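Chemist: Below: one structure in structure tokens.
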């Protein structure tokens, strides 16, 4: 039997036990992998009924789990989506082939030519490209805020966005990639309500929760409409798959699922199984990584060749950002940036001197990864926009993993000698 009341359990328990009934798979304690592209109908009438239920939501099979073709849905997707929704505290979720597939699906589902999108800087380079370049070619507009904790700045940016076209979507990546800058989710929801009252159409508030994940931050508790997570990162946690998830209100997720059928960017059965497996240990892995990250951040903070560290645990008492952190976050995460004295040459010398830390993009894996943001993850972002988001030529993004922290610090120490 499976638990059927997610509200009675904490997210860590839901990640292990929710959304799968062993009785559905011959008593297997773990979900099997359903490697099939299509599903057999027991009768012609059943075939018609299951299609009516899927496409119209009516008929004798409405509300029941029925499968037609794996692009439309499959048992592994059912398990992952129900589990992810429960962890996020949402009504429903949809899983996609990558984090950017999830972002793109949101954009294509809810933004139309002439609409405006509001999002902050810094933000992941792929998302910046989506809203700042790709949608621009479709006649959409965008505006940016630089301090997601400043009510005056955010409202001014919202006004500027509305001047270009109806503000349809407010995008918040918090903590932001790569500097871990925070966005006040309560403020974003309030601004969305204000904009809705003024223009007669309330924009959706969409949050990218990748850098903290569902155990250290739960955006749905703050009234946002959709919570997007790159499952590739902490939820999968082994740097061996691509996946993205979106949780939120049922009617919004249903639209995403329906259009996913046409776009074909669903999550395949084997990868869905891998993510479900990985979610079970995610909270333990993340706790270890965060413990390591604090020790590493403290080492970097005190190093004479380091000009600054953006680790959330260092936010000053009394600041707006610290107030948001205390209200919104349950932990400081394990991905942050630090800035060297100097520029690209000093950063490259340090990176080339590392022996244990791996020079690669991505984050949230079991291994510690480091990269030079300006020349990798944010290469396509114009220099002025990078600088506005706090990304300099001396900025290095660090995703702290599960190695022994003393070994990580020793490697950083010897590499910094080359700077």
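Chemist: Hey, got the Cα dimensions of the stretch 75-277 along the principal axes, in Å, largest first?
Modeler: That gives 46, 33, 28 Å along the principal axes, largest extent first.
Chemist: Just want to confirm a number: the relative contact order over the stretch 283-416, from Cα pairs under 8 angstrom separated by 6+ residues, in percent.
Modeler: It comes to 31 percent, rounded to a whole number.
Chemist: Also: Peptides 66-74, 231-239: what's the order by average Cβ count within 10 Å, highest mean first?
Modeler: Order by mean packing, descending: 231-239, 66-74.
Chemist: Could you check which residue among 122, 178, 316 shows the biggest mean-square fluctuation in a GNM of the chain with a 10 Å Cα cutoff?
Modeler: So, out of 122, 178, 316, the one fluctuating most is 316.
Chemist: So, by mean Cβ neighbours within 10 angstrom, what's the order for 12-23, 266-277 with the highest one leading?
Modeler: Highest mean packing first, the order is 266-277, 12-23.
Chemist: Also, quick follow-up: Just report the Cα centroid separation between the stretch 146-168 and the stretch 1-30, whole Å.
Modeler: Here the answer is 42 Å between Cα centres.
Chemist: Let me ask another. Counting residues in the stretch 277-359 as N, plug N into 2.2 N^0.38 Å and put the Cα Rg over that result.
Modeler: The reported ratio for this selection is 1.29.
Chemist: Let me ask something else. Using the alpha-carbon atoms, what tilt in degrees (0 to 90, nearest 10) does helix 151-164 show relative to the longest principal axis of the chain?
Modeler: Helix 151-164 and the main axis of the chain meet at about 60 degrees.
Chemist: Angle between the Cα long axis of helix 99-110 and the longest principal axis of the chain, 0 to 90 degrees, nearest 10?
Modeler: With both axes taken from Cα atoms, the answer is about 60 degrees.
Chemist: Compute the relative contact order of the chain as a whole-number percentage, counting only Cα pairs closer than 8 Å that sit 6 or more residues apart in sequence.
Modeler: Computed over the chain, the figure is 17 percent.
Chemist: Can you give me the orientation-averaged projected area of the convex hull built on the Cα atoms of the stretch 141-226, in nm²?
Modeler: 5.2 nm²
Chemist: Right, next: Please report the Cα spread of the stretch 91-174 along all three principal axes, rounded to whole Å, starting with the longest.
Modeler: 37, 28, 27
Chemist: Hey, another quick one. Looking only at the chain, where both bridge partners belong to it, what percent of the DSSP beta bridges are antiparallel (to the nearest 5)?
Modeler: So the antiparallel bridges in the chain amount to around 55 percent.
Chemist: Between the alpha-carbon centers of the stretch 245-292 and the stretch 309-380, tell me the distance in whole angstrom.
Modeler: Taking the Cα centre of each part, the stretch 245-292 and the stretch 309-380 sit 24 Å apart.
Chemist: Then there is this: Kirkwood Rh over alpha-carbon pairs of the stretch 283-416, then Stokes-Einstein at 25 °C and 0.890 mPa s: what D in µm² s⁻¹, rounded to an integer?
Modeler: Roughly 161 µm²/s, to the nearest whole number.
Chemist: With axes computed from alpha carbons, what is the tilt in degrees of helix 405-416 against the longest principal axis of the chain, rounded to the nearest 10 within 0 to 90?
Modeler: 50 degrees
Chemist: What area, in nm² and to one decimal, does the C-alpha convex hull of the chain cast on average over all directions?
Modeler: Mean shadow area of the hull around the Cα atoms is 21.0 nm².
Read-outs throughout are calculated quantities, based only on the coordinates presented, and are distinct from any laboratory measurement. Just so it is clear, the model here is predicted, and its values are computed rather than measured. Note that each Cβ is placed from the backbone with ideal geometry, even for glycine, and that neighbours are counted across all protein chains shown.
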